[in-house]
Structure formats: structure tokens, C-alpha cells
Amino acid sequence: MGELEMRDEVRAAPDPRRWWALALLCAAFFMVILDGTIVLVALPSVGADLHFSKQGLQWVVSAYALTFGGLLLLGGRTADLLGRRRVFMTGVLFFTVASLMCGLAWSPAALLAARVVQGAGAAIMTPTALSIISTTFTEAAERNKALGIWGALGGIGATAAWLIGGPLVDGPGWQWIFFINIPFGVVALALSPRFLRESETGLARQSYDPVGALTITAALVLLVYAAVKAPEVGWGDARTLLPLAGSALFLAAFTLIESRHRAPLLPLRLLRSRTLVGANAVMVLVGTVAIGVPFVLTLYAQQVLGYSALRFGVSSVVLAVGATVGAIVGQGIVLKAGFRAIAATGLALIGAGSLVLAQLSVHGGYFPDIFFGLLLSGLGIGLSFVTATVAALAGIAEHEAGLASGLSNTALQIGTALGVAILTTVAVSRSTHYLTTHADANPLVVLNHGYHAAFLALVVLAGIGIALALLLLGRPRTAEQKHLEPAPQAGATD
């Protein structure tokens, strides 16, 4: 009996390397987030050097978004089945090699192919890293602190893209926005065996669901594709409606397959959890508004106020600072105040920040509107992102942590794609309508009317997010605050 107790105590001891593991995983997440936005700064240079067509250039962004968003669920589930450390390292390897190929690309086709592989690597890496954090930090308060740091790094990575991208593109060249990933990747591969524990599958026998994986991946890819194409061709165009219809059909097929498969990719019983469903619904709205604020503001600042990419990057640091503070505060109070209150507060702050930004004029300045709009939005992004992440992983069994992480990241990517599509459509429609009634209007005034409408749309989207948070989320259950069983020691399943 004494030997069993001693064994339990050893098993329950927290991993002494857990904070080093967190640093490694957050560095990988930072790399993924950075790469999703830094390419925007380089698009004009990429287009000129590789002779992209105007229609083809958008696919430098979209190819990455499609594979990243479409494969997240499969990536998370694969980690549960095959072991999180080895799957994480596989994702890092894909991402690093693809980054090298992006920088060496000699033609549009070569760059787009490399971006597809890079998106696949990100889809493997991101949910796996998040599930490793949730199972490595077994005590609730520590786990929330780790998730707060994770959320803060996401906000910093998105903003740092403008700070880092501008000097690289203007200096050594656009290729270096990809080459900077390589040292991160090499270090991550070298340190992963040292700091990351391998996981057991938790399953008596590994059984795969290839048809389910194909149908959900097809559904997600078509959904993201429709969101990417809609601003270009219109929401009522067949090139938008057909992919949406196809996505719905694949989703229906996936649901039918999962209800009958003995080892489904996504056990439908998980969707009976109000907290899990609510967290992912809120995460979609968080993704929509979190990308929406900087997306619309960078267009306003550069096209209306004449900011350079570098100047906008420097001025948007307040967004990263706000997101960092919001994430740190959120992880510290979410278990006390409850998911509903913190998520709703965060989304309300984003809505308030967007309302401030909606007052911007053609002759607007940084103070007070842009500064306070960014500060409020940043605080809200940090609070709501961390809350939705914690809620999405609350009460999830260890062997399904990768799947839950994949769901959460999928919701975020869908929200991001929808946010860009919706806000682009609103801005273009409003500008076009204004121009039809004011044919001789100043072009800057026309643009400003479009961006004003987009910021008001962000207020509405934040309001929808608040309603979802209040309706679907609640206080964390007591059971969710108990210690999780820690992952086995490194080398247990190699």
C-alpha cells in the first residue's frame, strides 16, 4: 500500500520543466500567429518580384488560411492518437521546411505550394501545443496562468507582424519574413525532446476515422474558401454560394458518419457540453472582432491618413499591450468571476473600442481616437480570448485535449476568415453606395465612409458575441477546477 501511495505522489508531482515547455510552445504559437499577418506587409513586393496577377496575389494569404483552418481539427485529433510531442515536432518540421521554401520561391506556383504546406504545419502545431499546455499544467490556477501567457503572445504576435515586417521588406527583402521562422523551428525541434513529455493515447486501441477526417476537412476548407472569395465576387455569387452549400453537405455527412463510427474523429457527446459549445461559439466572434479591428484600422491609417506600414506598426503597439494586460487579468479572475462575466466584459470593451474608432475622420489623428480605441479593443481581446480558451478546455479528458484544442482553434480561424470577409463587404458596399450619391466626393471621404461602416459592424458583431456569452456560458463547474492527471514522464511512449 505504501508503495502505491508513493507511486501516486510521484505521478501527481508537477513537471519541473513545465515553464520551459510553456516558453517553447508559446514561441511556436508566436511564429504561427506572426506568419499569418506579416505577409500582408510584403504583398506588394512579393507581387512585383514573382509577377503575380492581381487576382492571384490574394492566394498568398488565402492558401495558408485554407489549409490552416481546414486541417486544425484533424491535427488536434492526430495528436491525441499518436502522441502530442511527436506530432508537435512533425508540425514544426513541416512549418520550418515550408518557410525555407517560401523564401526560396522562384514562381507564384512555388510560393503557393509552400504556403499550403506551411498552413498544414501550423494546423498540426497549434492545437497540439495548446493541448500539451492543458495537460502539462495540472493545477487550475497554474493552467489558467499558462493560458493567459499563451493568449498574450497571440496578441503580441499579431501586432509584431507590422513592426517586424516593415523593416525586413524594406531592408534585406520580403524573403526574410519567411526565413526568420527557420531559427525558431530549429531550436524548437532541438528542445522538444528535452522539455516536452510524450503523451499516452488513453485509448485501448488506436482506431482512425478517415472518412470523417476527409468530410470535416472538406467542409472547413469550403467554408473558409467561400469567406475568402465573398468580398471579391459577392455573397450572392455562385462562387460563394456553391462552396457554402458544399460545406453544409459535407458537414451533414460528417455528423452522420460520426454518429455511427465506433471511434469517431469528433465524439458527438462532446457537443452536449453547453460550456464547450458556448466557448467555441464565443471564440468564433472573438476571432471575427479580434482580426477586424486591426484589419480595418490598418486600411484606414494607410489609405486615408497616409501612414506607412512601419508607422502603423509602431502606433499599434498599444493593441498588443492591451491584449497582454487583458490576458493576464483574465486568467487570474476567470475562475472566480465565471466565464460568462469575463467573456461578456471583454467583448463589450472591443465593442466600445470599435465605437471610438467609428468616430475617425479624414483628418483624424492618433490621439485620442486611435489610441483609446486600440487600448479598449486590446484589453477586450485579451480578456475574451483567454476566457474562451479556458472554457473550451474545461473538464475535457486528457486523451481528448488535442481534439478540444483543435475545435477551439478551428473556431478562431473560422471567425478570422468571416471577420475579414464581412468587414470587407461592408466597407466596399458602403463606399460604393456613397459614391453613387456623391459622384464628385473626395476619394478619401469615400473610403472613410466605408471604414466608418465597418467599425459600426464590429460594434454589432461584438454585441452578438456578448449575447452568446451570456446565453451559453456560465460559471466553471467545481469538477473543472480539480487537478487533472498529469502526462506521463518523457520517454514513456516514444
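Worth a mention:
- Any hit, the stretch 267-281, residues being outside the structural domain of LEU470 (by TED's automatic domain parsing), in a helix (DSSP H, G or I), modelled with pLDDT of 90 or more and not acidic (Asp, Glu): no
- Residue among THR298, THR217 that is out of contact with any Asp or Glu (no Cβ under 6 Å at 6 or more places or on another chain), touching a residue at least 60 places away in the same chain (Cβ under 8 Å), surrounded by fewer than 23 Cβ atoms within 10 Å (Cβ to Cβ) and not assigned by TED's automatic domain parsing to the domain that holds ILE381: THR217
- The stretch 185-205, subset of a type in the set (Gly, Ala, Ser) and at pLDDT 65 or above, residue surrounded by the fewest Cβ atoms within 10 Å (Cβ to Cβ): ALA190
Yes/no per residue for (1) surrounded by fewer than 21 Cβ atoms within 10 Å (Cβ to Cβ); (2) polar (S, T, N, Q); (3) in a helix (DSSP H, G or I):
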position	(1), (2), (3)
PHE52	yes, no, no
GLY56	yes, no, yes
VAL60	no, no, yes
ALA63	yes, no, yes
GLY69	no, no, yes
LEU73	no, no, yes
ASP80	no, no, yes
ARG85	no, no, yes
VAL92	no, no, yes
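- Residue within the stretch 265-275 that is of a type in the set (Gly, Ala, Ser) and exposed (fewer than 15 other Cβ atoms within 10 Å of the Cβ) present: no
- Taken over the stretch 139-178, the criterion of being among the aliphatic types (A, V, I, L, M) and either within 24 Å of GLN302 (Cα to Cα) or crowded, with 24+ Cβ neighbours inside 10 Å (or both) is satisfied by LEU147, ALA152, LEU153, ILE156, ALA158, ALA160, ALA161, LEU163, ILE164, LEU168, VAL169, ILE177.
- Selection from the stretch 16-51 of residues that are at pLDDT below 85 and more than 27 Å from the chain's Cα centre (by Cα): PRO16
- Qualifying residue in the stretch 114-134 (condition: among the aliphatic types (A, V, I, L, M), surrounded by fewer than 18 Cβ atoms within 10 Å (Cβ to Cβ) and over 19 Å from the mean Cα position of the chain (by Cα)): no
- Tally of residues being within 19 Å of THR37 (Cβ to Cβ) and among the hydroxyl-bearing types (Ser, Thr, Tyr) across the stretch 405-442: 3
The values are calculated or read from the model by the stated rules, or taken from the named source; none is laboratory data. These numbers come from a predicted model, not from an experiment. As a convention, Cβ positions derive from the backbone with ideal geometry for all residues, glycine included, and neighbour counts pool all protein chains shown.
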